[in-house]
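The values are calculated or read from the model by the stated rules, or taken from the named source; none is laboratory data. Just so it is clear, the structure is predicted and the values come from calculations on it, not from any experiment. Cβ placement follows ideal geometry from the backbone for every residue including glycine, while neighbour counts extend to all protein chains displayed. These accessible areas exclude ligands, DNA and RNA; they are computed on the full protein's heavy atoms, side chains included. Shrake-Rupley method; radii C 1.70, N 1.55, O 1.52, S 1.80 Å.
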Amino acid sequence: MTKIIVDGKEVDVPAEYTLLQACEEAGAEIPRFCFHERLSIAGNCRMCLVELKGAPKPIASCAWSVKDCRPGPNGEPPSVVTRSPTVRKARNGVMEFLLINHPLDCPICDQGGECDLQDQAMAFGVDTSRYAENKRAVEDKYIGPLVRTSMNRCIHCTRCVRFTAEVAGTGDMGAIGRGEDMEITTYLESAMGSELQGNVADLCPVGALLPKPYAFKARPWELAKTESIDVMDALGSAIRIDVRGREVMRILPRVNDDVNEEWISDKTRQVVDGLKRQRLDRPYLRRDGKLVPASWGEAFAAIAARVKATTPARIGAIAGDLASVEDMFALKALVGALGSQNLDCRQDGVKLDPAHGRASYLFNPTIAGIEQADAVLIIGSNPRREAPVLNARIRKRWRMGGLPVALIGEAADLTYDCQYLGAGPDTLADVAAGRGFGEILARAERPLILVGQGALARPDALAILAAAAKLGARGGWNGLAVLHTAASRVGGLDIGFTPAAGGPDAQAMAGAGALDVLFLLGADEIDVAPGAFVVYQGTHGDRGAHRADVILPGAAYTEKSGLYVNTEGRVQMADRANFPPGDAREDWAILRALSDTLGARLPFDSLGALRQALFAAHPHMARIDAIEPGPLSLPTTVGEMGKSGFVGAVQDFYLTNPIARASAVMAECSALAKGRLQQAAE
């Protein structure tokens, strides 16, 4: 630690701190536009000027390290002043320069009310300008369907340029021209190719880059803000849902250094319109081959008649990818009360099983632990499609240096240097035998073996998992990192939403003639063969609803309070931001009401009582934001690995669930992504 005096206050800070960070540690407020904690230092805007004792002129505090400060003549600590007349005059001058070309767009700018330039102009600017020349005009650019440009407002802080180059890894944006002709652009005015591009709108300190789908729809002071958790993938990114009335207007990231830092994927951010389209807002009953509106009583009566006409062994339930833990717990209790153990939350057919220990299906090194890894092997996964924010964390570690990365499976551009080893289990067997990249893993102290769902939805999944677990095992380090794609998967495995030993899995239950009654809790990624009476409980008119005989309208993730467990085993709480449309209800409440009609009444009448029962059965669910470690007990006999190559679990990042498939914005993004792939193939 190094001592430094800030405005007469002595503080101890790490020598690697910049003066800006040291001043903030001492409680001083330092304005800035170009500086950002997670991006490289540019020193463009000069707004963070401070006075360093002994320096001939004010210095940019964002670009000056504490370790570079000279001590005083008698050995006293360096002294910094942040509120002197010199500093005030310097900041006034910088702000005056910044506003020379900035248009007076505040009344019509979507950044109004959340604008750094507005705030700092009020706090550190002056009320007049000495410049009467015409303002510069810059043509707006097309950079994709997610970000709208108004480049007259750009102050050339280059945050967006550094983000696309350093975090996203695509280098989509840059600067052309010099002096007053300098412009920020995507060079050929093409759409950005990153799955994280929406974050540049958050980074922009002015109104030059803004979310295009949200343009001119609401002002920030009109919105009710709710902190919640994202369910578009299994990462569990921290988000804020902004609502006006009953309508979700936008979704923004929250800071969580352990999970998503402060980034979210484009699907997380812009799936908003999918929450409003194709919604199920009333029960439906299939009559004469057509789904027609029905009352709750009629729907429940139809279900009860079919349940009573069959045996418990012919009843089953499949949970979808967006179900909360409480909903799955209630459905498991209902099916159990009916006398059946036919349950499964693995609609994609993966062979993960809680019987093999909790560590067999978790991202054990944790997401933050990626930064400690010294070698990465990716098996059957494309993390850029399956979890873009996690992929950015791998890239962050790669940029630190000294991280060899290898891939077994489908070849992909992961935004960082990656050694492609091969397509299938033969290559994995070579690595496991210590050949090629296996030598690097053998020398690594903290190897991370990332296993995707594409490698686990195969008959030889246990053999692949066992090989990966062995490669990642070290004394105090478990490098087995299972990357899930479904937000509900780990929670479902934790509460045992899996078939009894020897019982049918999801694929078997969906087969022809397997069951008489099948409950689908938002399960839209599985095809159910004709024959079974299907009760679909969900939010959108997607694949599950098309197959259903009875539809029970549920609540989307923004419309209910629920627990989710992310891919690393972290229990997270999602809060309700708005209410479901029409007659739709929360899933657990529907199941509680249905249980009365079925004569198998569930023992809870409120969400609180349901959670008490859940916590009693699974105590770790009560420890919010904590990761419960678990054992790894894979069977000794796992069979042999097959020959076919690994296929990724996600082929289209933008259309992975019913909410995303209902979104017009995601459809446009998907079409652009397919066009880029086709162009690259040609």
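I'd like to check something: does the stretch 292-305 contain any residue that is within 30 Å of THR485 (Cα to Cα), open to solvent by less than 10 Å² (accessible area, probe 1.4 Å) and either not in a loop (DSSP other than H, G, I, E, B) or not polar (S, T, N, Q) (or both)?
First pass over the stretch 292-305, keeping only residues within 30 Å of THR485 (Cα to Cα): none.
Looking through the stretch 292-305, none of the residues is within 30 Å of THR485 (Cα to Cα), open to solvent by less than 10 Å² (accessible area, probe 1.4 Å) and either not in a loop (DSSP other than H, G, I, E, B) or not polar (S, T, N, Q) (or both).
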Residue match in the stretch 510-523 (condition: open to solvent by 10 Å² or more (accessible area, probe 1.4 Å), in contact with a strand residue (DSSP E or B) (Cβ under 8 Å, 6 or more places away or on another chain), part of a loop (DSSP other than H, G, I, E, B) and among the acidic types (Asp, Glu)): yes
Residues (under 22 Å from ASP321 (Cα atoms) and of a type in the set (D, E, K, R)) located in the stretch 617-661: ASP625, GLU628, ASP652, ARG661
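Yes or no, residue by residue, for (1) open to solvent by 40 Å² or more (accessible area, probe 1.4 Å); (2) at pLDDT 90 or above; (3) in a loop (DSSP other than H, G, I, E, B):
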| position | (1), (2), (3) |
| --- | --- |
| GLY112 | no, yes, yes |
| GLN120 | no, yes, no |
| VAL126 | yes, no, yes |
| ARG130 | yes, no, yes |
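Let's see how each residue does on (1) open to solvent by less than 10 Å² (accessible area, probe 1.4 Å); (2) at positive phi; (3) of a type in the set (Gly, Ala, Ser):
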site: SER488; (1), (2), (3): yes, no, yes
site: ILE495; (1), (2), (3): yes, no, no
site: PRO499; (1), (2), (3): no, no, no
site: GLY502; (1), (2), (3): no, yes, yes
site: ALA508; (1), (2), (3): no, no, yes
site: ASP527; (1), (2), (3): no, no, no
site: GLY531; (1), (2), (3): no, yes, yes
site: ALA545; (1), (2), (3): yes, no, yes
Failed item in (1) part of a loop (DSSP other than H, G, I, E, B); (2) surrounded by fewer than 18 Cβ atoms within 10 Å (Cβ to Cβ), with LEU322 passing the rest: (2)
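Within the stretch 142-157, which residues are of a type outside the set (A, V, I, L, M, F, W, C), buried (at least 21 other Cβ atoms within 10 Å of the Cβ) and within 13 Å of VAL206 (Cα to Cα)?
Here is the first cut: in the stretch 142-157, the ones of a type outside the set (A, V, I, L, M, F, W, C) are 142, 144-145, 148-150, 152-153, 156.
Restricting the remaining residues to those that are buried (at least 21 other Cβ atoms within 10 Å of the Cβ) gives 144-145, 148-150, 153.
Correct list: ARG148, THR149, SER150, ARG153.
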Residue in the stretch 180-232 that is farthest from ALA577 (Cα to Cα), counting only those that are in contact with a Pro (Cβ under 8 Å, 6 or more places away or on another chain) and charged (D, E, K, R): GLU195
Matching residues in the stretch 69-88 - criterion: being surrounded by 13 or more Cβ atoms within 10 Å (Cβ to Cβ) and outside any loop (DSSP other than H, G, I, E, B): SER79, VAL80, VAL81, THR86, VAL87, ARG88
Tally of residues being at pLDDT below 95 and either among the charged types (D, E, K, R) or in contact with a helix residue (DSSP H, G or I) (Cβ under 6 Å, 6 or more places away or on another chain) (or both) across the stretch 400-409: 0
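Check the stretch 201-215 and report whether any residue there is open to solvent by 40 Å² or more (accessible area, probe 1.4 Å) and either among the β-branched types (Val, Ile, Thr) or closer than 26 Å to ARG395 by Cα (or both).
Filtering the stretch 201-215 down to residues open to solvent by 40 Å² or more (accessible area, probe 1.4 Å) leaves 202, 212.
If we keep only those that are either among the β-branched types (Val, Ile, Thr) or closer than 26 Å to ARG395 by Cα (or both) too, we end up with 202.
Yes; the residues of the stretch 201-215 include at least one that is open to solvent by 40 Å² or more (accessible area, probe 1.4 Å) and either among the β-branched types (Val, Ile, Thr) or closer than 26 Å to ARG395 by Cα (or both).
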For LEU634: the one exception among (1) more than 22 Å from THR558 (Cβ to Cβ); (2) at pLDDT 95 or above; (3) not aromatic (Phe, Trp, Tyr): (2)
The stretch 246-266 residues that are more than 21 Å from VAL147 (Cβ to Cβ) and in contact (Cβ under 8 Å) with a residue 12 or more places away in the chain, paired with ones that are open to solvent by 30 Å² or more (accessible area, probe 1.4 Å) and of a type in the set (Phe, Trp, Tyr) (beta carbon under 7 Å, 6 or more apart): ARG246/PHE579
Counted residues, the stretch 221-261 - those being open to solvent by 10 Å² or more (accessible area, probe 1.4 Å) and more than 26 Å from ALA649 (Cα to Cα): 19
Residue within the stretch 639-657 that is in contact with a Lys or Arg (Cβ under 9 Å, 6 or more places away or on another chain), of a type in the set (D, E, K, R) and within 19 Å of SER265 (Cα to Cα) present: yes
Some residue of the stretch 547-558 being modelled with pLDDT of 95 or more and surrounded by fewer than 18 Cβ atoms within 10 Å (Cβ to Cβ): no
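Just need a number here: residues in the stretch 561-573 that are in a loop (DSSP other than H, G, I, E, B) and open to solvent by less than 10 Å² (accessible area, probe 1.4 Å). Steps first, please.
Kept after step one, since they are in a loop (DSSP other than H, G, I, E, B), are these residues of the stretch 561-573: 561, 566-569.
Remaining after also requiring open to solvent by less than 10 Å² (accessible area, probe 1.4 Å): 566-569.
Adding up the residues that qualify gives 4.
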For PRO107: the one exception among (1) in a helix (DSSP H, G or I); (2) buried (at least 18 other Cβ atoms within 10 Å of the Cβ); (3) over 30 Å from the mean Cα position of the chain (by Cα): (2)
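Restricting the search to the stretch 469-483, which residues are in a loop (DSSP other than H, G, I, E, B) and either on the phi > 0 side of the Ramachandran plot or surrounded by 24 or more Cβ atoms within 10 Å (Cβ to Cβ) (or both)? Lay out the reasoning, then the answer.
Filtering the stretch 469-483 for residues in a loop (DSSP other than H, G, I, E, B) gives 474-477, 479.
Scanning the stretch 469-483 gives a single hit, GLY479.
Of ARG269, ARG277, which residue is surrounded by fewer than 23 Cβ atoms within 10 Å (Cβ to Cβ), at negative phi and either outside any strand (DSSP E or B) or at pLDDT 95 or above (or both)? Give the derivation first.
Numbers: ARG269 fails: surrounded by fewer than 23 Cβ atoms within 10 Å (Cβ to Cβ).
None of the other options fit; the residue is ARG277.
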The stretch 413-426: number of residues that are open to solvent by less than 40 Å² (accessible area, probe 1.4 Å) and under 23 Å from the mean Cα position of the chain (by Cα): 3
Residue check for ALA673: touching a residue at least 12 places away in the same chain (Cβ under 8 Å), open to solvent by 30 Å² or more (accessible area, probe 1.4 Å) and within 28 Å of VAL259 (Cα to Cα): no
Failed criterion for VAL11 (all others in (1) outside any loop (DSSP other than H, G, I, E, B); (2) open to solvent by 30 Å² or more (accessible area, probe 1.4 Å) hold): (2)
Which listed residue, of ARG385, ARG393, ARG346, ARG397, is crowded, with 18+ Cβ neighbours inside 10 Å, in contact (Cβ under 8 Å) with a residue 40 or more places away in the chain and more than 30 Å from ALA529 (Cβ to Cβ): ARG393
